[in-house]
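S.K.: I have a structure I would like to understand better, so I am pasting it below and will then ask my questions one at a time.
The values are calculated or read from the model by the stated rules, or taken from the named source; none is laboratory data. In this text the structure is predicted, and so the values were computed from the model without any measurement. Note that we place each Cβ from the backbone using ideal geometry, even for glycine, and neighbour counts take in every protein chain shown.
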Amino acid sequence: MFATHAAIAPAGAHTEANLHATLENRDVIGMAKGILMQRHDIGATEAFRLLVETSQTNMKLHQIAA
């Protein structure tokens, strides 16, 4: 029983860490979209498309957004 709990605990911690990082990345991407929308007078879809196109340079989307 203890072995089962010991095996599950690290997986749960890893999942929680991934969730936290995902939420932080989502906020950064949202801010970048807002900046692009305001500066270029474009909509959210177009701003996201610009970020995605720029991220095609082997960088992750949240890195481009930051």
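S.K.: Looking only at the stretch 31-41, which residues are touching a Leu at 6+ places or on another chain (Cβ under 9 Å) and surrounded by 15 or more Cβ atoms within 10 Å (Cβ to Cβ)? I'd like the intermediate steps shown before the answer.
M.R.: Kept after step one, since they are touching a Leu at 6+ places or on another chain (Cβ under 9 Å), are these residues of the stretch 31-41: 32-33, 36, 40.
Correct list: ALA32, LYS33, LEU36.
S.K.: Please indicate, with yes or no, whether at least one residue in the stretch 48-64 is at pLDDT 90 or above, part of a helix (DSSP H, G or I) and surrounded by fewer than 10 Cβ atoms within 10 Å (Cβ to Cβ).
M.R.: no
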